[in-house]
Every structure is written in structure tokens, then in C-alpha cells.
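Every number here is computed from the coordinates shown, using simple stated rules; none is lab data. Predicted model only: the values in this text are computed from it and were never measured. Using ideal geometry, Cβ is built from the backbone for each residue, glycine included, and neighbour counts are taken over all protein chains shown.
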Amino acid sequence: MSTTKKSSNSVKFYFGEESLVEQDVRNMELTRACRAFAFLKNKIGSDAMITLMKEELDSATVQAEKWADDSNGEWKSGFVVIEMPKVRAEQFHNWFTGMVKRGDESALRAAHPDHYCNRMLPDGRVEVVENFGEFEYPWHFFLNLTAIDSTMPVPADKDYPIGFAAIIKSKNGKLIAYALHELRDCKDGMQAKLTAIIPKTAPDTLVRGHLNHFSIEFRNWYLAMSAE
């Protein structure tokens, strides 16, 4: 039986001896909504999805490139630290990079409802369509995965020995963002420090929005790895 606090106008549910509160049913709805959306995305496919959303993707590209131009090479950032029990940093890193290198688009896309396209290209880039930073429209961009070096606006955290960066460019090849993924072991498992770096003139809400995005997708990838 759930111990979630009930408000005075909460709907109540009884399944024989079992009782649920409203949040339990909201969680059911979320699970089913994610399943339904994943089914539709898999049926439509990445190419048709990009064609379907062309107008919105073009609009988002114009906005992202404008922020980059207006910022004159200046950036801002934020990070979230996620603790994952019963897994070591190297173990998770190997699982995650293996998934990317295999081009396992189904597993990459399933981690977040905002993932519409996540596929490895022959030239080694990753093509992505997602709502970066919870922006109104999905963005169409390309990732180059690389070591965190002195060219990054945010330096590597020496307390996290495993890490890599994603250099994010628009479909026109303009640099519009970075992401840093850094990992370390802790007492009961591992910690992931995930950093979003965006042009200085972009709204602050875009940083927090992408930290929310990181939180959802890395939790789901952790659960997927644990299930294996």
C-alpha cells in the first residue's frame, strides 16, 4: 500500500484489499504513455520523423545558431550529479559506449520521450533529434564524442577519472553546445557528473532543462543496464 500523502480532493482506488492513491495511477499513466509513444516512434522511424518535423526543426536550428552567434564564443553551464547504486564507473562507461558504438538506436531512443532520432553515422558522428534543454521544439544536431581537453569551455573535473565530451553542432555545422559526461566510483556504486554547456545568451532555463533531460535518460540507461 502506498504511503503517499493524500490531499482532501484526491481520487481513491480500491482493487479488492489493495488501495492506491492518485500518484500511483499517475505513475501507471506515465508508464503507458511512454510505451505508447515509443511504439509510435518505432513505427514512424527516424527519417519519416525528421520529415514530419522539418518546420519545427528548422525553426529550432535558426534559434540555436542565433544564440551561438550572439554569444561571441562565450558560454554558460550547469551540472547534475547522479548516484547509481551497485554499479562501477568503468562498468557503466563500457556498457554505455558499447551501446553508442553499436548504433543501438532503439536503446538510445528509449531512454527519454524527447528522443526522436539517435543513430550512429558512418563518419562516426551521432545524429540526434531531441528537445535540447526542454526547448519548445526538437533540435536536429550532430555529436562528435571526444576526450575532454583544453578546447572545452569547462575543464575536466580531476575528481572524475572517466569522462568524455560531446561537441554539438547544428545540421549546418555551427557549434551550438557541449555536454560533458564524467564518472567515478563511490562507496555504494558510482556517480555521474553530467554538464550542459550552452551559448551565454541562451536562456538559463535551457541549462536546467537539459539537466532534467540528463536525469531522465541516464536513470533509464542505468535501469536498462541493470536489467541486463
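Summary of computed values
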read-out	value
Residue-by-residue Karplus 3J(HN,Hα) for the range 51-61, coefficients 6.51, -1.76, 1.60, Hz, glycine and proline x	5, 4, 9, 3, 4, 5, 5, 5, 5, 5, 5
Selection of GluC sites (Glu not before Pro), the range 68-108, meeting DSSP coil and at most 16 other Cβ within 10 Å	E74
Pairwise centroid distance, computed over Cα atoms, of the range 174-220 with the range 80-127, Å	14 Å
Residues of the range 155-180 with amide N under 11 Å of the 7 Å Cα→Cβ point at T205	none
Low-density loop positions, GluC sites (Glu not before Pro), the range 110-175 - DSSP coil, at most 15 other Cβ in 10 Å	E136
Fewest-first ranking of K171, K101, using other Cβ atoms within 10 Å as the exposure measure	K101, K171
Ranking of R125, R109, R102 by count of other Cβ atoms within 10 Å, fewest first	R102, R125, R109
Amide H partners (placed H, <5 Å) of I148, local residues excluded	A165
GluC sites (Glu not before Pro) within the range 15-73, DSSP loop, no more than 15 other Cβ atoms inside 10 Å	E17
In sequence order, calculated HN-Hα J values of the range 74-79 (Karplus, 6.51, -1.76, 1.60; Hz; x Gly/Pro)	9, 9, 9, 8, x, 9
Size of charge dipole - the chain - debye, nearest 20, with Cβ of Lys, Arg +1 and Asp, Glu -1, no other charges	260 debye
Of K41/K187; K41/K76; K41/K101, pairs whose Cα-Cα distance is over 28 Å	K41/K187; K41/K76
Under Karplus coefficients 6.51, -1.76 and 1.60, residue-wise ³J(HN,Hα) of the range 166-183 in Hz, glycine/proline x	10, 8, 10, 10, 5, 5, 8, x, 8, 5, 10, 5, 9, 9, 10, 10, 10, 10
